[in-house]
Every structure is written in structure tokens, then in C-alpha cells.
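In what follows, a structure is listed as C-alpha cells, so that the remarks can point back to it.
Any read-out appearing in this document is the output of simple, stated calculations on the displayed coordinates, not a laboratory observation. Small disclaimer: the values here were computed from a predicted structure and weren't measured. Using ideal geometry, Cβ is built from the backbone for each residue, glycine included, and neighbour counts are taken over all protein chains shown.
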Amino acid sequence: MSNKKTVVTQEQIAHQYEYMQFIAKMTGEKAQAYGHPLRAFTQTFGCQQNEADTQQIAGMLEEMGYEPVDRAEDADVIVINTCAIREHAESRALGNVGALSHLKKARPDVTICLCGCMVQQEHIPEKIKKSYPQVDLVFGTHALWRFPELLYRSLTGDKRIFDTTGDAAGYIAEGLPVLRDGGTKAWLSIMYGCNNFCTYCIVPYVRGRERSRASADIVKELEALIADGYKDITLLGQNVNSYGKDLDEQIDFSDLLEKLNAVPGTFLLRFMTSHPKDASHKLFDTMARCDKVAKQLHLPFQSGSDTILRRMNRGYTAEHYRELITYARSKMPDITLSSDIIVGFPGETEQDFEQTRQLVAEIGFDMLFTFLYSKRSGTPAAKMEDDTPHEVKQARFERLLKTQDECVQVRQDAYAGKHVRVLVDGHSKGKEYPLTARTEGGLLVCCAGNNLEIGNFAEVVIEKTSLRCLFGRSV
Ligand code: SAH
Ligand code: SF4
Ligand code: F3S
């Protein structure tokens with residue numbers, strides 16, 4: 001196992017396109033016989049990164065002649081892209097795969113594929129082999145770019161295929177097709193993998209080492225997105241502040257933001273996730289200066305207790321986190337802040353938890369993603385002593401949500417009467433405010449009024465607020 005990423009050559013990519021053409025020929029012939037195109041169903045668990053991966057899988061499937069469908073029952077190929085971050089994500093994916101056994105019995109010709117983070121774990125392929133015979137093809141995150149070849153082998157042979165090996169340092173593959181869902185929002189991966197090994201987290205084991213895409217490739221993709229009409233673009237990476245460290249070109253994440261900000265067009269750039277250990281003043285200065293960079297920061301702090309942060313291997317203290325937020329707010333007073341928190345990490349005491357809750361109350365986040373600790377086998381935290389009963393953890397979790405709701409209400413109310421710039425992005429369920437939009441900071445606004453058009457920016461005045469939504473009218 002090397003520590004150096006593998007850049008997939010254009011020749012290898014061309015080879016995958018050949019497999020896509022072989023399959024397109026097969027599906028074309030079948031479509032003639034059936035009188036309709038063959039169909040593919042994809043389902044995604046987990047984070048935005050996984051959604052972006054599924055869009056690549058969907059792009060390859062389209063190239064191979066499959067039409068996307070909304071129901072697994074209607075599909076000839078089913079791809080379930082899994083997540084391993086918490087037990088719940090795994091059991092949901094496995095539950096769905098389990099439910100497909102009837103479909104496979106009724107229609108043995110359907111091809112069921114399982115991919116993504118869950119299957120990249122060492123113990124999973126064996127489990128699928130034994131208990132989920134309906135699955136035809138299993139491929140891990142490192143094999144994503146070889147999906148056409150693997151599917152071809154699956155369609156033309158009779159054996160089940162398992163490909164979850166691959167170099168843990170990871171791959172960079174450019175030039176594969178992507179099928180996005182239209183609309184205003186698009187994901188744009190700038191890097192893959194993670195080097196941080198937070199003690200609770202499975203991601204470094206299933207996604208390989210940190211590796212960045214060349215900035216020219218990112219600029220090219222952004223230009224294509226703008227040309228396609230996308231206006232709300234989120235740059236993705238597990239720790240975007242490490243961007244560029246592995247590249248030959250001299251560039252860091254702030255430099256990349258500057259470069260992307262200079263791309264012509266009317267659009268907003270967001271990014272996630274930032275790690276407090278690597279978020280720098282330079283980053284906040286750059287955000288403040290770049291007009292197309294949304295004043296929005298997702299900066300997970302996980303715990304307000306330094307003892308727990310140390311045991312999590314996070315590499316910063318609560319005080320450092322406070323300092324970062326103070327600096328960011330001094331440069332961007334209206335910045336929207338969000339964070340991730342884990343409640344019930346092994347050994348978390350009442351006092352540790354209170355420090356987390358107090359930090360939440362003190363900072364006043366606009367959004368918070370709160371998780372109960374879930375033991376992941378193979379991670380260092382899985383071996384740590386954990387004697388807090390589940391009910392205690394659950395009660396802490398609920399107390400934290402209550403604190404957060406109180407903060408959000410205050411922050412939402414503060415918007416009443418304000419004028420805000422929004423990007424209109426869809427239809428709402430309500431009649432009074434029939435459209436949905438997002439503020440630059442990513443807050444949901446239901447809006448009404450003249451001159452509002454999906455896909456356009458507009459200025460609205462906030463007429464009322466609720467915990468989850470602002471209500472605005474165009475001015
Ligand atoms: N790279 C990002 C996070 C990716 S995972 C970062 O470092 O911020 C998203 C969130 O899931 C994490 O921030 C953490 O809060 C949560 N998480 C990760 N592993 C978990 C586990 N074992 N149990 C509960 N929550 C977990
Ligand atoms: Fe997991 Fe930590 Fe990497 Fe985030 S930074 S993906 S929490 S190991
Ligand atoms: Fe994302 Fe889940 Fe993998 S959160 S990186 S899909 S383990």
C-alpha cells in the first residue's frame with residue numbers, strides 16, 4: 001500500500017468509455033426488442049460527497065443507455081450507494097437491499113449493485129456474500145471509476161463480482177460523465193479522502209487518503225456548471241482547508257476560492273467541510289473579500305470539552321474554536337454558522353456535555369447537526385470504555401436540541417423586517433408563500449410577490465419567521 005494517490009490515466013478512462021459503448025450496444029438491442037429503453041434506479045445514503053458520486057454513476061449509466069427511474073421495481077439495474085458513518089446508515093441500506101430479494105426472485109435478470117463507503121469496510125463483503133445473495137455486484141469507493149468495466153463483467157458472466165480492494169491512498173479520475181438533476185444547485189468535488197483519523201470516524205478507512213484535484217480541472221468544471229445554468233455551487237471535501245497540500249502546484253484552499261471567484265457569471269460558491277484545526281484567518285479574509293463566496297461557514301466542533309476533543313484526536317481546543325468564530329464574525333458580521341456535534345462520545349461526563357451545550361448557547365448557530373455517538377468497528381474509539389447508559393445519552397441529546405431551538409428562534413426572529421438577497425430555487429407547499437429560496441447563508445425562505453423566478457436572484461423583505469423557515473415578499 002503506497003501513500004501516494006494514483007492519478008487514473010486518460011487511456012484508462014478511454015478504456016472505461018469503451019465498456020460504456022459495449023453496454024450501450026447491448027442495451028440498445030434490448031430496447032429495440034422491448035420497445036422502451038432499459039432503466040436504472042439509484043439510491044444514495046450519506047453525505048454530499050456520496051450524492052456527487054451517485055451523479056457520476058448516473059452519468060455512466062446514461063452513457064450506457066439506461067434511463068433513470070424513480071422506483072427500483074421498474075429498473076433493470078439498481079445501484080445502492082451506501083454510507084458507513086453511523087450504524088443507522090448501514091442498517092437502512094442493508095434493510096433496503098434485503099427488501100430487494102423478492103424483486104430478484106421475480107426478475108432474476110435485474111442487476112443489483114451495492115457500492116460506496118459501507119462496502120469498503122473489511123468485514124462487509126463477507127457479510128454480503130453470505131446473507132445477501134440477491135446482490136450481483138459490490139464495488140468500493142476506490143473502484144468507482146471502473147464501474148462500466150465491472151458492470152460489463154457482471155452482465156456478461158454468471159459470477160457475483162466483489163471489488164472492494166484498491167490502493168487505500170486512493171484515486172483521482174477525471175473525465176467521467178456526470179448526470180446532475182438540473183435546477184440551481186450543484187456539487188463540485190475539489191478533493192477526496194481524509195487524513196485526520198478522528199478516533200470515532202470511519203471515513204479515512206473507507207475513503208482513503210486526502211487527494212486534491214488539479215485547480216485547472218476544478219475551474220473547467222465550474223465554468224461548465226455556470227454554462228449549464230447552475231448558480232448555487234458547493235465545493236466538496238472532507239476537510240477543504242487541506243486542499244492543495246498534495247499537489248505540485250503552489251495553491252491552498254483560499255487561493256482556489258480566489259480563482260473560482262474570478263470565473264465570470266452570477267453565482268454563489270459554498271464549501272464544506274472545514275476543520276477547525278486547519279481553518280485560517282487567511283480563509284476568512286478571502287471569504288470576506290470574494291463577492292461570489294457565500295458568507296456561510298460549516299465548521300464542526302464536535303464537543304465543547306477539551307478532554308473529549310483530545311480523545312477524539314481533533315487537534316484544537318474549545319478556546320481556539322471560539323477565537324476562529326470571533327475572527328470570522330469580525331470580518332463577516334452577517335455570516336451564517338453551522339456545526340456538527342457528537343453527543344455521548346465514550347467517557348463523556350455530565351460536565352463535558354455541559355461544556356458542549358454552553359458553547360452552542362454562546363455562539364448561536366443558525367443550523368446544527370447533532371448526532372448520537374455510534375461505535376464504528378476498526379476505529380480507536382470503538383475500544384474506549386463507554387459506561388454512559390443509552391438513556392442518559394438520549395436525554396443529553398434532547399437537552400442540546402432544546403438549547404439549539406431556542407438559539408435558532410432568536411436568530412430567525414432577528415431577520416424580521418430585514419431585506420435579504422435570495423436565490424429562488426423551487427416551489428413550496430404553502431399557498432401564501434408559493435416559492436422556496438435560499439439566503440446567501442443558506443437559510444430557507446418561503447417567498448411571494450412579483451418578479452420572482454426560479455433560478456434567479458431576488459431581494460425580499462422578511463415578513464414573518466418560524467423555527468425552520470423565513471417568509472419573505474419581493475421588493
Ligand atoms: N469531515 C467532516 C465530517 C464528515 S462526517 C468533518 O470533519 O467535519 C459528518 C459528521 O458525522 C461529523 O462531523 C460527526 O459529527 C458525525 N460523525 C462521524 N462519525 C460519527 C460516529 N461514529 N458517531 C456519530 N457521529 C459521527
Ligand atoms: Fe472523519 Fe475527522 Fe476526517 Fe471529518 S476530519 S471525515 S470527522 S476523520
Ligand atoms: Fe459520506 Fe457516509 Fe462515506 S458520511 S464519506 S457517505 S461514510
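Side notes on the structure shown:
- Just so you know, in the stretch 129-153 the residues that are part of a helix (DSSP H, G or I) and within 16 Å of ligand 3 (Cβ to nearest atom) include one that is nearest to Asp163 (Cα to Cα), and it is Ala143.
- Yes/no for Val420 being part of a strand (DSSP E or B), over 26 Å from the mean Cα position of the chain (by Cα) and not hydroxyl-bearing (Ser, Thr, Tyr): yes
- Within the stretch 176-195, if we keep just the residues that are crowded, with 20+ Cβ neighbours inside 10 Å and within 23 Å of Tyr316 (Cα to Cα), the residue that is nearest to ligand 2 (Cβ to nearest atom) turns out to be Cys194.
- Residue in the stretch 8-31 that is of a type in the set (Val, Ile, Thr), away from ligand 3 (no atom under 16 Å from the Cβ), under 30 Å from Lys245 (Cα atoms) and within 25 Å of the chain's Cα centre (by Cα) present: yes
- Of all residues making up the stretch 254-270, the number that are surrounded by 20 or more Cβ atoms within 10 Å (Cβ to Cβ) and without any contact (Cβ under 8 Å) to a residue 60 or more places away in the chain: 5
- Members of the stretch 307-319 found to be touching a residue at least 40 places away in the same chain (Cβ under 8 Å) and buried (at least 16 other Cβ atoms within 10 Å of the Cβ), listed by number: Ile308, Arg311, Met312, Arg314, Tyr316, Ala318
- Within the stretch 257-364, helices (runs of 4 or more DSSP H) holding 2 or more residues that are aliphatic (A, V, I, L, M) and within 16 Å of ligand 1 (Cβ to nearest atom): 306-311, 318-331, 350-363
- Qualifying residue in the stretch 453-466 (condition: closer than 18 Å to Gln409 by Cα and in a loop (DSSP other than H, G, I, E, B)): yes
- On inspection, Asp158 qualifies as outside any helix (DSSP H, G or I), more than 16 Å from ligand 3 (Cβ to nearest atom), more than 22 Å from the chain's Cα centre (by Cα) and surrounded by fewer than 20 Cβ atoms within 10 Å (Cβ to Cβ).
- Among the residues listed as Gly304, Gly237, Gly315, the single one being more than 22 Å from the chain's Cα centre (by Cα) and within 12 Å of ligand 2 (Cβ to nearest atom): Gly315
- Evaluation of Ile85 against (1) crowded, with 18+ Cβ neighbours inside 10 Å; (2) more than 16 Å from ligand 2 (Cβ to nearest atom); (3) touching a residue at least 40 places away in the same chain (Cβ under 8 Å) (one fails), failing number: (2)
- Identification of strands (runs of 3 or more DSSP E) wholly contained in the stretch 43-128 with 1 or more residues that are β-branched (Val, Ile, Thr) and more than 16 Å from ligand 1 (Cβ to nearest atom) yields 77-82, 111-116.
- Yes/no for Leu235 being surrounded by 22 or more Cβ atoms within 10 Å (Cβ to Cβ), touching a Leu at 6+ places or on another chain (Cβ under 9 Å), over 30 Å from Ser377 (Cβ atoms) and not charged (D, E, K, R): yes
- Among the residues of the stretch 207-238, those identified as on the phi < 0 side of the Ramachandran plot, away from ligand 1 (no atom under 16 Å from the Cβ) and in contact with a Gly (Cβ under 7 Å, 6 or more places away or on another chain) are Ile226, Lys231.
- Residue match in the stretch 223-240 (condition: among the polar types (S, T, N, Q), farther than 17 Å from Ala52 by Cα and assigned to a loop (DSSP other than H, G, I, E, B)): no
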